[in-house]
Amino acid sequence: MELENINPNIFKKSDERPVSESEKNENTVDPIDSREVFDLIRNINDPEHPLTLEELHVLEESRVEVDNEKSFIRILFTPTIPHCSMATLIGLSIRVKLLRSLPPRFKISVQITPGTHSSENAINKQLADKERISASLENSTLLEVVNQCIARSNR
Amino acid sequence: MCKLCMQHAACLENRKCMRKTSCIFNETLHAQIEEPTLIILIINKSCSEIINLIVSRMPQQLDVIQKLSAHRGKVWSVNWHPSGKVFASCGEDKTIRIYNQEKDAWVMQAVLSDGHTRTIRDIAFSNCGMFLASASFDATVSIWDKKAGTYECNSTLEGHENEVKSVAWSVSGQFLATCSRDKSVWIWDITANCEEFDCAAVLNLHTQDVKKVVWHPLEDILASSSYDNTIKIYKEDPSDNDWTCTATLTSHSSTVWGITFDKTGKRIASCSDDCTVKIWQQYEVGNAEGISTPDNEPVWKCVCTLSGFHDRSIYDISWCKLTGLIATACGDDHIRIFKEADNSTKNEPIFDLETKILAHKQDVNAVKWNPVIPGLLLSTSDDGDIKIWKFNNL
């Protein structure tokens, strides 16, 4: 298969999250925050390159919004090129990883960073349709591709 | 704009649809609120916060009678048997479960697990009560009959290219309708005793995924709703048995997940991913209002929009044929009940929010009023539960 974006920009990965003293205390409640959610998804692989979504700046911590109180999470992801045909697959991988990792009380919204893709609205609508998401995850071929993207982030 | 709080102009525009809450915004009615503390509470609150505040002060009107947790994974749909004494549910676990009423409790009578290889999205009992149809993501529709005492799958309808999303029997018992992500609506002609299902029409009029098919309560008229944001109405032309689309209803700004007729079939309520409910009124050819009917077919007009009530996508809507109440199933885990106001009119209907309840731990996927017992409601959710509710304020 021909690569769409042959020479993507590569960025430095962020450091490991420092663990504070209070977080070591078993009796303290640690609310789910944006860094924790970012850590769940930053090592998802790009479907085209042997690089993570963080290294390609498809995902950035500043574009992860978490409202633990209201159980709401919004992720904005930025495709490397505006015609990227993999955008839906990337969005699906992020969604699936979060569905598998977070408590079910969370309402998760995965959208394209405004202005960074030519079919932004169509892709956002597809990623918000839970019926289509459920159906696509019963498609074994697609599920295998998604699982491959996610695999490294699980380690 | 409200002269008291100075910031809820949007709410005032929707006043018609929020009669119960509008007194707070309407200056002249402020004096009628007996609790001065409530006025203090509402200042500097957003529109939805005010609705929540008022709802929290309403008496509890919807009580849960029973919770059934037999399904594994999402429960997508539920439907009553026409007797009102039996219902069936289906979901992600690829099973159909049949429940019977025994004394005071609903008890699972059967599990049908050999019909489909993927999620079962929808189920429907025929009006004669002898048959059950199930629609699955595996692209097929199964017909189950109870001739031998237990439900057996005797026909499988193939034709859709991919996921079948909804299935419905016509009131006459002559037709079955199905719809799919392949953008088509199929109408199947049923021979006597439901022995054969012949394809009567393949309607490729939607430009996207078709989410729901629903028949008119009195005539063989079909409505479908879609990811393309529209609702379409179909009728058979008696001269050549061709099915044609007689109306396209456009006003929603996103996927229309659910549609439901009122008991007369002259109104439709629809619910959407745009977080609104819309009420549509049918105007016959030669109507007294003087609304033009260009193709010599009735036209449908959106006469009411309920906005500001729902916080997320609305997945299902049910209009009770006995009480006129409208129930909605929302992605914010709540069930809401709306009632037509006393001063509502045909051309400018007014619906009040009667109650709102945190019904499930995850998205509510379906709501269905019992066809025989007034006020009895079923709901299903992504949390794997089915709940049976009783609405007390009839």
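The values are calculated or read from the model by the stated rules, or taken from the named source; none is laboratory data. Keep in mind that this is a model prediction, so the values were computed, not measured. When we count neighbours, we look across all protein chains shown, and the Cβ atoms used for this are built from the backbone with ideal geometry, even at glycine.
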Can you find even one residue in the stretch A:80-91 that is within 23 Å of residue B:275 (Cα to Cα), away from chain B (no Cβ under 14 Å), in contact (Cβ under 8 Å) with a residue 24 or more places away in the chain and not in a helix (DSSP H, G or I)?
no
Is it true that some residue in the stretch B:141-150 is farther than 23 Å from residue B:241 by Cα, surrounded by fewer than 15 Cβ atoms within 10 Å (Cβ to Cβ), touching a strand residue (DSSP E or B) at 6+ places or on another chain (Cβ under 9 Å) and among the polar types (S, T, N, Q)?
yes
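Let's see how each residue does on (1) closer than 26 Å to residue B:113 by Cα; (2) in contact with a Ser or Thr (Cβ under 8 Å, 6 or more places away or on another chain); (3) not hydroxyl-bearing (Ser, Thr, Tyr):
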{"position": "B:136", "(1), (2), (3)": "yes, yes, no"}
{"position": "B:149", "(1), (2), (3)": "yes, no, yes"}
{"position": "B:153", "(1), (2), (3)": "yes, yes, yes"}
{"position": "B:167", "(1), (2), (3)": "yes, yes, yes"}
{"position": "B:177", "(1), (2), (3)": "yes, yes, yes"}
{"position": "B:183", "(1), (2), (3)": "no, yes, yes"}
{"position": "B:194", "(1), (2), (3)": "yes, yes, yes"}
{"position": "B:210", "(1), (2), (3)": "yes, yes, yes"}
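Specify which of the listed residues (A:110, A:58) is touching a helix residue (DSSP H, G or I) at 6+ places or on another chain (Cβ under 8 Å), modelled with pLDDT of 95 or more, in a loop (DSSP other than H, G, I, E, B) and of a type in the set (Val, Ile, Thr).
A:58
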Of the numbered conditions (1) more than 14 Å from chain B (Cβ to nearest Cβ); (2) touching a His at 6+ places or on another chain (Cβ under 7 Å), residue A:154 fails exactly one; give the number of that condition.
(2)
If you go through the stretch B:141-164 one residue at a time, how many are of a type outside the set (Asp, Glu), within 14 Å of chain A (Cβ to nearest Cβ) and more than 20 Å from residue B:367 (Cα to Cα)?
2
Looking at this structure, is residue A:95 within 13 Å of the chain's Cα centre (by Cα), buried (at least 18 other Cβ atoms within 10 Å of the Cβ), in a helix (DSSP H, G or I) and modelled with pLDDT of 95 or more?
yes
Report, ordered by the first and then the second residue, all pairs with beta carbons closer than 9 Å, sequence separation of six or more or different chains, a first member in the stretch A:99-117 that is among the small types (Gly, Ala, Ser), and a second member that is outside any helix (DSSP H, G or I) and modelled with pLDDT under 95.
A:115/A:82
Filter the stretch B:252-272 for residues that are assigned to a loop (DSSP other than H, G, I, E, B) and buried (at least 23 other Cβ atoms within 10 Å of the Cβ); the one that is nearest to the other protein chains (Cβ to nearest Cβ) is B:255
Of all residues in the stretch B:68-89, how many are charged (D, E, K, R) and within 14 Å of chain A (Cβ to nearest Cβ)?
2
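Can you tell me which residue in the stretch B:312-337 is surrounded by the most Cβ atoms within 10 Å (Cβ to Cβ), limited to those that are hydroxyl-bearing (Ser, Thr, Tyr) and part of a loop (DSSP other than H, G, I, E, B)? Write out each step before concluding.
Step one: filter the stretch B:312-337 for residues hydroxyl-bearing (Ser, Thr, Tyr), giving B:313, B:315, B:318, B:323, B:328.
Retained after the next criterion (residues that are part of a loop (DSSP other than H, G, I, E, B)): B:313, B:323.
Values: B:313: 22, B:323: 15.
Per the criteria, the residue is B:313.
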Where the second residue is crowded, with 24+ Cβ neighbours inside 10 Å and among the aliphatic types (A, V, I, L, M) and the first is in contact (Cβ under 8 Å) with a residue 60 or more places away in the chain and away from chain A (no Cβ under 14 Å) and lies in the stretch B:111-126, which pairs have Cβ atoms under 8 Å and are six or more apart or on separate chains?
B:126/B:132; B:126/B:133
Only one of B:205, B:176 is in contact (Cβ under 8 Å) with a residue 40 or more places away in the chain, away from chain A (no Cβ under 14 Å) and more than 21 Å from residue A:125 (Cβ to Cβ). Can you tell me which?
B:176
Of residues in the stretch A:104-126 being within 11 Å of chain B (Cβ to nearest Cβ) and more than 16 Å from the chain's Cα centre (by Cα), the one surrounded by the fewest Cβ atoms within 10 Å (Cβ to Cβ):
A:121
Go through the stretch B:75-108 and count every residue that is surrounded by fewer than 15 Cβ atoms within 10 Å (Cβ to Cβ) and over 22 Å from the mean Cα position of the chain (by Cα).
7
Residue identified as touching an Asp or Glu at 6+ places or on another chain (Cβ under 8 Å), within 30 Å of residue A:136 (Cα to Cα) and away from chain A (no Cβ under 14 Å) among B:189, B:220, B:198, B:182
B:198
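Select from the stretch B:223-251 the residues that are of a type outside the set (D, E, K, R), more than 15 Å from residue B:281 (Cα to Cα) and either over 13 Å from the mean Cα position of the chain (by Cα) or within 14 Å of chain A (Cβ to nearest Cβ) (or both) and list them in ascending order.
In the first step, residues of the stretch B:223-251 are kept if they are of a type outside the set (D, E, K, R); the result is B:223-227, B:229-231, B:233-234, B:238-239, B:241, B:243-251.
Filter once more, so that each one left must be more than 15 Å from residue B:281 (Cα to Cα): B:224-227, B:229-230, B:234, B:238-239, B:241, B:243-245.
Matches in the stretch B:223-251: B:225, B:226, B:227, B:229, B:230, B:234, B:238, B:239, B:241, B:243, B:244, B:245.
Going by the conditions given, is residue B:180 modelled with pLDDT under 95 and among the polar types (S, T, N, Q)?
Details: modelled with pLDDT under 95: no; among the polar types (S, T, N, Q): yes.
Answer is no for this residue.
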Give B:311, B:316, B:333 a once-over and let me know the one that is at positive phi and either in contact with a Leu (Cβ under 8 Å, 6 or more places away or on another chain) or within 14 Å of another protein chain (Cβ to nearest Cβ) (or both).
B:333
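Please verify whether the stretch B:154-161 includes one or more residues that are within 23 Å of residue B:315 (Cβ to Cβ) and at pLDDT 95 or above.
To start, the set of residues in the stretch B:154-161 that are within 23 Å of residue B:315 (Cβ to Cβ) comprises B:160.
Restricting the remaining residues to those that are at pLDDT 95 or above gives B:160.
Yes, the stretch B:154-161 contains at least one residue that is within 23 Å of residue B:315 (Cβ to Cβ) and at pLDDT 95 or above.
Each row is one residue, and each column tells you yes or no for (1) closer than 30 Å to residue B:83 by Cβ; (2) modelled with pLDDT under 95.
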position: B:277; (1), (2): yes, no
position: B:297; (1), (2): no, yes
position: B:304; (1), (2): no, no
position: B:307; (1), (2): no, no
position: B:314; (1), (2): yes, no
Matching residues in the stretch B:360-392 - criterion: being assigned to a loop (DSSP other than H, G, I, E, B) and within 14 Å of chain A (Cβ to nearest Cβ)
B:360, B:361, B:362, B:363, B:382, B:383, B:384, B:385
